[in-house]
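In what follows, a structure is listed as structure tokens, so that the remarks can point back to it.
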Amino acid sequence: MPFLSKLTTRARNYKSAIAAAAVVRSLSSSYPNPDPFVIPDDPTSGHYDELVNSVGREGDFDALYRLLNKRIKDGCFNTAQTFRFLDESSLPALDDLVRTFVRLDAGFTQKNAFDSLVSRLCRLGRVDDSLRVVEVMLSAGGCRVNAVTLHPILNQLTRTKDFDRAWRVVEEMRGKGIPPDLTAYNYFLTAHAASGDLSGTVKMLERMEEEGMGADTRTYDAMVLAACRAGKPEGAVAVLRRMVEEGVPPLYSTHIHVIKALLRQHRIAEAVEFVRTFAGKDENLDSENFGIMANELIKKKRFAEAKSILEEMERRDLRAPEECIFVIWMIRYDEEMLLLQFLFAHFVEIWAKVGERLCRSY
């Protein structure tokens, strides 16, 4: 969303617990000021999250109402941590929470809160409750429901392979004037791809084409993943090269799919060549790719090859993964031990010959 660019990352150098306690006290007092918040001059979304969770755990919905309205005015959008207080034990209060949201300022304030709530419920696996919240959004009329609202629901259903229900949700929402977007289709595509279901992936791509959907990085990533899970890394590499030719930047995960697929087939030389082919353009990508190579080789106990990769990372001045540091030390330690063993054996051999000569001299 364009307005997101107006936000900047701010340091979280506040004493959240003290501030939260101060706000709770001020909100629960009878002070006539309708907006008696103790908020710093430069608040952050993280700061507001602490306050929201504090009053949420206390069940103070009036305070919650005022906080949710004020945070948007301060440019602090809701995050994945905003409704952390909502869990299985607090779900009986969901109705009160929804009624509080209906009272929020119409438009973005209300929609952002509802969307965050739907996302939180889906992370708890409460798809039925999240769909009920969507129905409230539709009936309340204070904000517009769009495909973004449905993303967490479709993500949860497709990840659990409940495709029939996911499609029912899509069609039901389409009937209410809320068509799916490319991201929604990508959830279906990725779920088929992750299972190595090439047939399902192809059918999904055909359906997307029929409905005039384009392709983005996630679409291509799913196509690469499908080929890799089906044991066809050559096809995955072809798709990745097509991405590059069409100017679609691959995700880091897209490269990782190919690397792991080649290593699963013990095609180490090809995996190394693949990584080197894309090296030199993005230092972070290089660190990721070479690091994954080293990690996977270590897992397979291919220490000699891992050592070679780590040495190449050092030559390229790339950051080695932290989990590889110990292995690097062990490899070097083993080399030193082998050298000591060789020297000791050579020393014993020399002294054996010296002893033999001494015996002969007597």
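The values are calculated or read from the model by the stated rules, or taken from the named source; none is laboratory data. Every value quoted in this text rests on a predicted model; they were computed, and no experiment measured them. Neighbour counts are summed over all protein chains in view; Cβ atoms, including those assigned to glycine, are modelled from backbone coordinates with ideal geometry.
What to note about this one:
This table checks each residue for (1) over 24 Å from the mean Cα position of the chain (by Cα); (2) closer than 28 Å to F303 by Cβ; (3) surrounded by fewer than 18 Cβ atoms within 10 Å (Cβ to Cβ).
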{"site": "M243", "(1), (2), (3)": "no, no, no"}
{"site": "P249", "(1), (2), (3)": "no, no, yes"}
{"site": "S253", "(1), (2), (3)": "no, yes, yes"}
{"site": "A271", "(1), (2), (3)": "yes, yes, no"}
{"site": "R276", "(1), (2), (3)": "yes, yes, yes"}
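Residue-by-condition table, conditions (1) in contact with a helix residue (DSSP H, G or I) (Cβ under 8 Å, 6 or more places away or on another chain); (2) within 21 Å of Y65 (Cα to Cα):
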site	(1), (2)
V98	yes, yes
Q110	yes, yes
R120	no, yes
D129	yes, yes
V134	yes, yes
G141	no, yes
A147	yes, no
Q156	yes, no
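- All positions within the range 54-69 that are among the polar types (S, T, N, Q) and modelled with pLDDT under 95: S54
- Residue among A230, A238 that alone is of a type in the set (A, V, I, L, M, F, W, C), farther than 30 Å from R126 by Cα and without any contact (Cβ under 8 Å) to a residue 12 or more places away in the chain: A238
- Selected residue (only one of A80, A93 is in the same structural domain as D41 (by TED's automatic domain parsing) and either under 19 Å from L131 (Cβ atoms) or among the hydrophobic types (A, V, I, L, M, F, W, C) (or both)): A80
- Test: D87 is surrounded by fewer than 15 Cβ atoms within 10 Å (Cβ to Cβ) and either among the β-branched types (V, I, T) or under 26 Å from the mean Cα position of the chain (by Cα) (or both): yes
- Selection status of R168, surrounded by fewer than 16 Cβ atoms within 10 Å (Cβ to Cβ), among the basic types (K, R) and assigned to a loop (DSSP other than H, G, I, E, B): no
Okay, residues lined up against (1) more than 18 Å from G214 (Cα to Cα); (2) among the charged types (D, E, K, R); (3) more than 19 Å from the chain's Cα centre (by Cα):
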site: A140; (1), (2), (3): yes, no, yes
site: L154; (1), (2), (3): yes, no, no
site: T160; (1), (2), (3): yes, no, no
site: F163; (1), (2), (3): yes, no, yes
site: M173; (1), (2), (3): yes, no, yes
site: F188; (1), (2), (3): no, no, no
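- Residue in the range 56-79 that is closer than 29 Å to F163 by Cβ and surrounded by fewer than 21 Cβ atoms within 10 Å (Cβ to Cβ) present: no
- Some residue of the range 170-181 being touching a residue at least 12 places away in the same chain (Cβ under 8 Å), within 19 Å of R218 (Cα to Cα), touching a helix residue (DSSP H, G or I) at 6+ places or on another chain (Cβ under 6 Å) and not small (G, A, S): yes
- In the range 103-117, the residues that are surrounded by fewer than 17 Cβ atoms within 10 Å (Cβ to Cβ) and under 17 Å from R144 (Cβ atoms): D105, A106, G107, F108
- Matching option when the condition is surrounded by 16 or more Cβ atoms within 10 Å (Cβ to Cβ), touching an Asp or Glu at 6+ places or on another chain (Cβ under 6 Å), part of a loop (DSSP other than H, G, I, E, B) and not basic (K, R), among T82, T149: T82
- Residue within the range 192-203 that is touching a residue at least 12 places away in the same chain (Cβ under 8 Å) and under 18 Å from A147 (Cβ atoms) present: no
This table checks each residue for (1) at positive phi; (2) assigned to a helix (DSSP H, G or I).
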| site | (1), (2) |
| --- | --- |
| C143 | no, no |
| T190 | no, yes |
| R207 | no, yes |
| A215 | no, no |
| G231 | yes, no |
| L240 | no, yes |
| G247 | yes, no |
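- Some residue of the range 294-310 being within 18 Å of S253 (Cα to Cα), in a helix (DSSP H, G or I) and β-branched (V, I, T): no
- Output for the range 118-132, where each listed residue is of a type in the set (A, V, I, L, M) and surrounded by fewer than 23 Cβ atoms within 10 Å (Cβ to Cβ): L124, V127, L131
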